[in-house]
Structures are given as structure tokens and as C-alpha cells.
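A short worksheet on the structure shown next.
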Amino acid sequence: MPYHSIDDPNKLRRIVEATLLLEADLELPALLRHVVDEARSMTGARYAALGVLSEDRTNLIEIITAGLTPEEE
């Protein structure tokens, strides 16, 4: 797997902070919300979404979004 250097100190700090959250004692929904928010912010995207699969991986049980109003969701 190729590695890419990160020249922007602010972006590197945000990636390290997001990585440390994986080890934090957060509830899974809060962690996933943070991941979606950070991904949207760091890429400059207007919207972001993450689908959560059921245990048997046959359907989506939740879709976590960022950047959408409640009406748009």
C-alpha cells in the first residue's frame, strides 16, 4: 500500500486527532459521526455519508450524513 506524505501541518494534526479518537472511549455513533464530519471537512465536500451494514452485511441499518439539513436527509 503506497503512503502519501502530508505537507499541511493542520491537516496532519487533524488526521492524528481523528486516529486517536479510534482509541478513545466513545460510543460508536459519536465516533462515526466525527469520522463523517472530519472526512467532509478535510476534503472540502459539501456532503458526506457513511452507511452502516447489518451484522449479516445484507442491508444498511443506518446512514450517517454530514452537511445535509434535516429536510434533505
Looking only at segment 4-18, and only at residues there that are β-branched (Val, Ile, Thr) and assigned to a helix (DSSP H, G or I), the one that is farthest from the chain's Cα centre (by Cα):
VAL16
Does THR69 meet the test of being open to solvent by less than 100 Å² (accessible area, probe 1.4 Å) and in contact (Cβ under 8 Å) with a residue 24 or more places away in the chain?
no
If the requirement is being in contact with a strand residue (DSSP E or B) (Cβ under 9 Å, 6 or more places away or on another chain), among the small types (Gly, Ala, Ser), in contact (Cβ under 8 Å) with a residue 12 or more places away in the chain and open to solvent by less than 80 Å² (accessible area, probe 1.4 Å), which of these qualifies: ALA48, ALA18?
ALA48
For residues that are hydrophobic (A, V, I, L, M, F, W, C) and open to solvent by 60 Å² or more (accessible area, probe 1.4 Å), tally how many sit in segment 23-45.
3
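Can you tell me which of ALA30, ALA49 is small (Gly, Ala, Ser) and in a strand (DSSP E or B)?
Numbers: ALA30 fails: in a strand (DSSP E or B).
When all the criteria are applied, what remains is ALA49.
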Which number in (1) of a type outside the set (Phe, Trp, Tyr); (2) surrounded by 10 or more Cβ atoms within 10 Å (Cβ to Cβ); (3) at negative phi marks the one condition that HIS4 misses?
(2)
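The values are calculated or read from the model by the stated rules, or taken from the named source; none is laboratory data. Bear in mind the structure is a predicted one, so any value in this text is a computation, not a measurement. Because the Cβ atoms are built from the backbone with ideal geometry, glycine has one as well, and the counts that use them run over all protein chains shown. Accessible surface is based on the protein model in full, side chains and every heavy atom, while ligands, DNA and RNA are left aside. Shrake-Rupley method; radii C 1.70, N 1.55, O 1.52, S 1.80 Å.
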